[in-house]
1. Could you list which residues have their amide H under 5 Å from that of A254, counting only those 5 or more apart in sequence or on another chain, with H placed in the peptide plane?
2. Skipping prolines and chain starts, which residues have an amide H placed within reach, meaning under 5 Å, of the one on I127, given they are 5 or more residues away or on another chain?
3. Please compute the Kirkwood hydrodynamic radius of segment 135-287 from all pairs of different C-alpha atoms, in Å with one decimal.
4. From the phi angles alone, apply the Karplus equation (6.51, -1.76, 1.60; θ = phi - 60°) to segment 221-233 and give each ³J(HN,Hα) in whole Hz, x where the residue is Gly or Pro.
5. Fewest Cβ neighbours within 10 Å first, please rank F35, F204 accordingly.
6. Cut-off is 10 Å between beta-carbons; in what order do Y143, Y15 appear when sorted fewest neighbours first?
7. Which whole-Hz couplings ³J(HN,Hα) result when phi for each residue of segment 156-162 is put into the Karplus expression 6.51 cos²θ - 1.76 cosθ + 1.60, θ = phi - 60°, listed in order with x for Gly and Pro?
8. Based on other C-beta atoms within 10 Å, arrange R28, R215 from fewest to most.
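The numbers here are math on the coordinates, done by the rules we state, and not lab data. All figures in this text were calculated on a predicted structure; none of them were measured in a lab. Positions of Cβ are backbone-derived with ideal geometry, glycine not excepted, and every protein chain shown enters the neighbour counts.
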Amino acid sequence: MTIDEMKKVKEERGYSFDVLSAYSGVPRATLVRIFDGTTTRPRRATLDAIERVLGGDEHQFPGKKYHFGLSEIFPDYNVLFDPKLTPVFQAAEEAANPYGRQKHGLTASDYLEMHTDKRTELIEGDIFMMEDPLLIHSEITQYIFTRFSDYIREHKGTCKPVVSGTNVILKNDKGDDSVVCPDFFVVCDKKKLVRKGVLGGPDFVLEVTSPSNHRNDYIRKLGIYANAGVREYWILDPQKRQLIKYLFKPDEPATFLPLEATTGVGIYDNDLQIDLTEISCMIDEDQMREE
């Protein structure tokens with residue numbers, strides 16, 4: 001794939017440099033230099049990492065076509081007019097013009113001073129509605145929390161595992177602040193712990209997706225977590241029975257795993273193993289429950 005071909009696919013899929021960086025593991029600055037022609041002879045490994053994304057299936061590396069319901073292969077993910085996935089202040093505008101986002105520029109301080117009876121998050125200056133978690137959502141999160149908590153205690157670690165409900169405050173140099181509530185995360189730098197939550201990127205983040213939050217977990221949060229210094233990000237999708245693992249290191253591509261066997265946690269050099277088969281069994285049990 002030539003650089004011009006890469007540019008074309010990047011544009012067609014609507015990948016920002018932040019998202020392409022997170023998907024491929026190639027630093028954002030390196031991508032910019034390659035695509036604007038400043039770097040004339042990129043490393044082969046770097047090009048391979050980029051091509052692995054741009055030449056891969058879009059359902060594995062979701063872009064604008066996938067997330068705006070234009071994919072004929074995955075019609076169930078048509079979210080164009082889903083208000084749960086659009087900023088609460090601009091649902092109508094995005095429905096009319098889905099690819100143009102108007103920034104409202106709320107800061108983290110503005111958001112934290114607001115009072116609402118709705119579950120929301122601030123993502124890059126915009127407020128997004130959140131759906132109440134299903135039981136399976138909570139069960140998976142609790143399982144992951146227990147595995148991490150036991151491991152940290154057994155190894156006399158100092159990192160702090162935290163379940164959903166705690167604000168993670170991520171400030172952006174451009175002024176597009178975010179205040180998110182990951183389903184589970186681990187913080188190793190205790191200086192980041194403040195009374196209102198966590199200030200700065202955790203070391204590890206897990207998001208368990210639901211039909212209403214795919215775009216946020218797969219696209220928006222992926223970019224902000226990568227930029228905030230998160231070391232490892234997992235997206236666990238019960239519907240697809242798939243885990244996507246991102247280790248934000250140079251030339252480290254995303255890993256896509258079915259919910260089978262076990263997988264290691266990168267920040268612990270894979271010494272901590274998570275049983276994905278057990279999670280799959282949880283999903284089986286959940287599907288047998290009454291609505």
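1. Amide H neighbours of A254, under 5 Å, 5+ apart: none.
2. Here the answer is V88, F89, since their amide H atoms fall under 5 Å of that of I127.
3. Its Kirkwood hydrodynamic radius stands at 15.8 Å.
4. Values, residue by residue: 5, 4, x, 6, 5, 4, 6, 8, x, 4, 7, 8, 10 Hz.
5. Final ranking by Cβ density, sparse to dense: F35, F204.
6. With the fewest neighbours first, Y143, Y15 line up as Y143, Y15.
7. Result, rounded to whole Hz: 6, x, 10, 5, 10, x, 9.
8. Going from least to most buried by this count: R28, R215.
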